[in-house]
Every structure is written in C-alpha cells, then in structure tokens.
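First the structure, in the form of structure tokens, and then the observations on it.
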Amino acid sequence: MAPRLRRVINASGVILHTNLGRAPLSKAALDALAVAAGYSNLELDLETGKRGERAPLVSGLLTALFGGEDALVVNNNAAAVLLALTALCRGREVLVSRGQLVEIGGAFRMPDVMRLSGARMVEVGTTNRTRASDYEEAITPRTAAILRVHTSNFRVTGFTESASLPQLAEVARRRGALLIDDLGSGAVAALGDEPTVGESVAHCDVVAFSGDKLLGGPQAGIVLGKEEVVRKMSRHPLARAVRVDKLTLAALEATLRQRLTGHEEEIPVERMLRASVEDVRRRAAFWSVKLADRGVETELVDGTSAVGGGSLPEHPLPTVLLALRGPASKLATALRRGDPAVIARIEGDRCCLDGRTVLKGEDETLLDAVEAAASTIKR
C-alpha cells in the first residue's frame, strides 16, 4: 500500500503554505529528530538518575530568545490559547474587541474557543474602532483578563482605531486583570507591521504563538509570560492533554538554538524571507537555461511571493517567476501529479514556478519534474 503522505516541492511562492505543512524544518532540526526517534533523556536527569521534566528542554531557550519569566510548549497555538483561558479565566469574564473575533483555519472561531474554556466573553468597542477606554469601562470585579487577538490573516483599513499593547497593559495593571496576547504568527524580528514576540512579552502576562510559522520550527503552541501565570497553566489538567511529544521538542530545541547562536539563515523559512529579488532572479535564470537545453521553453516574469500561514497579508514579497510555455492548467496538473509532486501556480494564464520557496538542493529534481510534465503535455 502506497503511503498517503508524499514529498512535495513547493514552487507556489507561498512560504508558510498551510496545506503543505507550513514551515519546512532545518537540517539541524531533522538531525535532532533522528536522535529523538530512539530512546532519549526526555524526562530523565542523567546526572542523578532521577525522573526529570521535559519542559526545561526548551523553556530556557525560549526565555533567552524572547524574554519573559517562564515558558510552556503545547501542541499548537489554538491549544495554547484554550489552555490560557481555561486555566486562568474559567467562570469569569474576558474582554475582547469586536474587531478581533477572528476565525482561523478549519472554521474554528474565537468565540467557540472562549465558550469551550468556560470563560465568559465580553465584547468591547466596534469592528473598526476599539479604544483603551472601551476596555476600561467594561472591566468589572468579574473580569479575569483582557484578550488581544492579532488579526494576522486579514486587515481592517480606513476609519480604524485600536488600543496599543502599552495602553492595554496599563489598563490591565491598574484594574488588576491579566493581559493575554494571542499573537498567532509570532514574528521573531521586525517584519512589516507584524508585532514581534519580544514586544508582546514586554507588556503581557501571557503571550501565545505558533512554532511552525515565522519561527520556522515544528507545529507547536508556545506560551511565554509571567512565571506564576505560566506555572498555573502548566499545572492544569488540560496541559497534560495538549503536551508535546519528544519529536516536537527535539525539532523546536534545534531551531531555537540556531536562532540563539546566529545561524538563523540555516532555517529555511528565514532564508526564504531574506532572499532578495536578485537571488530569486539568478535561480530562475539558471532554471531557464537548463530547461532550454531540455527543450522546455520558459520566460522570466516579475511577480510576488506570499508569507502565508495567516502572516502579513498586506506585505507581498517581490519575486521573479519562471513561466512555462504551454497550457497552464494542464502543466500545473501534470506537475502536481508527478513524483515528487510540484506545486506551481497559475498567474496571467501561465503556469509559474517561484524559486523563493523551493528548498536548497531541490533544483535538479525540480528540473526533471518540469521536463517530465512538459513531455506529458506534448504527447
């Protein structure tokens, strides 16, 4: 029986392609997976021979990289937010702006997550304008927290206003409420107008974000914040239900160490984000020459790449596409059905390949796949 999960070459230009598994792992992360696949000291103190804990494997690395007093890792960001609301706010009120009642992939909606946690959602402000004073006026003795949800996969523009994190932190501190930030993508460094993890941690009691988006690691929900608050979350029974396994921790530890030691460009997502237009142009030109030798006609055209994964929807990255001559739909289908599958995109009625998202070392395999697809169309 053939395996259902197959290798795919991502030539779509979408870096964090959710349907393709989001962030591809670095070689260091893959090597760490190989070590963790067997027996390891996951919960064993090798010095004393006594039982240890798995959380310290990455918690110190996370606080060193982003700040915060303590850290916790669960299996995805939705679980991190659910755990925070359940452990810290159950039976009490949580304030959230009407403009931040988002729906993430798979039709999961923030009001549904709130309801499941047992917290009572209190909507404040309006869809397009919510001020700090709106939160202030809505706080009661029953209020447990203010929740900010980063609207990472859409933008409301025009006549808008929103309270800044420092403003929300001041309101929460003065009124004795927690400030929880569902950061979503979790930018490590400044990228467009995407808020960074460090900025959020500096103001909030709890920050939650994804490990497999801008961080470039495995799927995980990462929680950073005040020690007392994070510890309360880690002791809740739900934390046991959503804890991560040894493979996730191994890949995450390796990814964090790369960032802490200045080897960020070895992380595929980081390399793709940093690639200049000229970098992509040179690669596309190389492909064009090689394919011409194989009888495949192509053309270089300007285009844009997308960060994807609900990150920076208004900040496309300039790129250069390799457009294949021939019927676009048939070429895209032939590429997708090949082995390995190649995911291209159709733009301007042409089947296009974006070198920004093709991994290092995949060039020759990609060229073989394009040649095979083109020959299929000619038959």
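The values are calculated or read from the model by the stated rules, or taken from the named source; none is laboratory data. None of these values were measured; they are calculated from a predicted model. Note that we place each Cβ from the backbone using ideal geometry, even for glycine, and neighbour counts take in every protein chain shown.
Criterion first (assigned by TED's automatic domain parsing to the domain that holds Gly60 and in contact with a Phe, Trp or Tyr (Cβ under 6 Å, 6 or more places away or on another chain)) does Gly198 satisfy it? It is true that Gly198 is assigned by TED's automatic domain parsing to the domain that holds Gly60 and in contact with a Phe, Trp or Tyr (Cβ under 6 Å, 6 or more places away or on another chain).
From Gly361, Gly355, which residue is without any contact (Cβ under 8 Å) to a residue 40 or more places away in the chain and within 25 Å of the chain's Cα centre (by Cα)?
Numbers: Gly355 fails: without any contact (Cβ under 8 Å) to a residue 40 or more places away in the chain.
On inspection, the qualifying residue turns out to be Gly361.
Per-residue answers, yes or no, for (1) crowded, with 19+ Cβ neighbours inside 10 Å; (2) over 27 Å from Ser59 (Cα atoms):
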| position | (1), (2) |
| --- | --- |
| Gln258 | yes, no |
| Glu270 | yes, no |
| Val277 | no, yes |
| Arg283 | yes, yes |
| Val289 | no, yes |
| Arg294 | no, yes |
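For the stretch 94-140, the set of residues classified as assigned to a helix (DSSP H, G or I), of a type in the set (Gly, Ala, Ser) and closer than 30 Å to Asn19 by Cβ consists of Gly99, Gly105, Gly106, Ala107, Ser117, listed by residue number. Would you confirm whether or not the stretch 298-316 contains a residue that is under 21 Å from Met272 (Cα atoms) and over 27 Å from the mean Cα position of the chain (by Cα)? Scanning the stretch 298-316 turns up at least one residue that is under 21 Å from Met272 (Cα atoms) and over 27 Å from the mean Cα position of the chain (by Cα).
Would you confirm, using the coordinates I've provided, whether Leu72 is assigned by TED's automatic domain parsing to the domain that holds Arg115 and within 21 Å of the chain's Cα centre (by Cα)? Answer is yes for this residue.
Does Phe154 qualify as being under 22 Å from Gly310 (Cβ atoms) and either surrounded by fewer than 13 Cβ atoms within 10 Å (Cβ to Cβ) or modelled with pLDDT of 80 or more (or both)?
yes
With respect to the conditions (1) buried (at least 21 other Cβ atoms within 10 Å of the Cβ); (2) over 30 Å from His150 (Cβ atoms), Pro340 lacks only one, and its number is (1).
Does any residue of the stretch 128-139 turn out to be in contact (Cβ under 8 Å) with a residue 12 or more places away in the chain, surrounded by fewer than 20 Cβ atoms within 10 Å (Cβ to Cβ) and closer than 29 Å to Leu252 by Cα? No; the residues of the stretch 128-139 include none that is in contact (Cβ under 8 Å) with a residue 12 or more places away in the chain, surrounded by fewer than 20 Cβ atoms within 10 Å (Cβ to Cβ) and closer than 29 Å to Leu252 by Cα. Within the stretch 245-274, take every residue that is in contact with a Leu (Cβ under 8 Å, 6 or more places away or on another chain) and among the aliphatic types (A, V, I, L, M) and give me the one that is farthest from Arg54 (Cα to Cα). Per the stated criteria, the residue is Leu273.
With a requirement of 3 or more residues that are farther than 18 Å from Leu20 by Cβ and among the aliphatic types (A, V, I, L, M), the strands (runs of 3 or more DSSP E) lying completely within the stretch 289-368 that satisfy it span 317-324.
With the structure loaded, tell me whether Gly118 is among the small types (Gly, Ala, Ser) and in contact with a strand residue (DSSP E or B) (Cβ under 9 Å, 6 or more places away or on another chain) or whether it fails that test. Don't jump to the end; show me each part of the working.
Values: among the small types (Gly, Ala, Ser): yes; in contact with a strand residue (DSSP E or B) (Cβ under 9 Å, 6 or more places away or on another chain): no.
Against the criterion (among the small types (Gly, Ala, Ser) and in contact with a strand residue (DSSP E or B) (Cβ under 9 Å, 6 or more places away or on another chain)), Gly118 does not qualify.
Scanning the stretch 185-243 for residues that are at pLDDT 95 or above, within 27 Å of Leu33 (Cα to Cα) and among the small types (Gly, Ala, Ser) yields Ala208, Ser210, Gly211, Gly216, Gly217, Ala220, Gly221, Ser234, Ala239, Ala241.
All conditions but one from (1) over 17 Å from the mean Cα position of the chain (by Cα); (2) touching a residue at least 60 places away in the same chain (Cβ under 8 Å); (3) more than 23 Å from Arg240 (Cβ to Cβ); (4) assigned to a helix (DSSP H, G or I) apply to Ala29; the one that does not is (1).
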